[in-house]
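Worksheet: one structure, shown below.
Each value in this text was obtained by applying a stated rule to the coordinates, not by laboratory testing. Because the structure is predicted, anything quoted here is derived from the model rather than measured. Cβ: placed from backbone, ideal geometry, glycine included. Neighbour counts: every protein chain shown.
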Amino acid sequence: MFPPRPTALAWEILRPLIRAGDRVVDATAGNGYDTVFLAECVGPDGKVIAFDIQELALVSARARVDEVGLLDRVNFIHGSHVGMASHVERGSVAVIMFNLGYLPGNDHAVTTEVADTLEALEVAFELIRPGGALSVVCYPGHPAGALEAEAVEALFQGKTASGWRVAKYGALGTRRPAPFLLIAGK
């Protein structure tokens, strides 16, 4: 499919940055697709820390990871991604992934919140090791998502002044604002 979905593109960009044995974070576990991707990448000696504030999301993510036999590589945290720093050391994480918005197939009124997302991203920027990356898929096609996407993009743009390399990928010419991917590399 062209152009690739932002989530698929994130995987292709991040895959070469993750080595066997690495520690990585899925900041928004959701239905577990990114969690499985990360668990496959880190190998048997690596660890994925997967966060979600919704118990329903963690149940779904855990089931998806169990389905492929990788539960031993994942620690699931029922809590906000704002608390990432209490689970991993500063400068020790290869990759952190955020997939914002709402849990697909569930209540669209329950979404990630701009203030929490920005706070968690500031934490994430501190946790990434040299050579690592932070990815965020934004969904500006719904009102809460549009505000969040604008704020996240502004935060990423501001990080270029402190040495981060930042890129934005997304489809143009769509009927409503299309999801897009932001990547920041250290």
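List of remarks:
- Order of Met97, Met84, Met1 - criterion: other Cβ atoms within 10 Å of each residue's Cβ, fewest first: Met1, Met84, Met97
- Relative contact order for segment 37-161, counting Cα pairs under 8 Å that sit 6 or more residues apart, in percent: 22
- Under 24 Å from Lys168, Cα to Cα: lysines that are on another chain or at least 8 residues apart: Lys159, Lys186
- If the chain linking Arg165 and Glu119 were pulled fully straight, counting 0.36 nm for each residue of separation and taking away their Cα-Cα distance, it would gain 14.6 nm.
- Whether segment 14-153 is rounded, prolate or oblate, judged on the alpha carbon gyration tensor where a/c under 1.5 counts as rounded: oblate
- Value of [θ]222 nm, deg cm²/dmol, for the chain, DSSP H segments ≥ 4, -39500 (n - 2.57) each, nearest 500: -10500 deg cm²/dmol
- Furthest towards positive pole of dipole, Ser86, Pro44, Pro130, structure part segment 6-185, Cβ charges: Pro130
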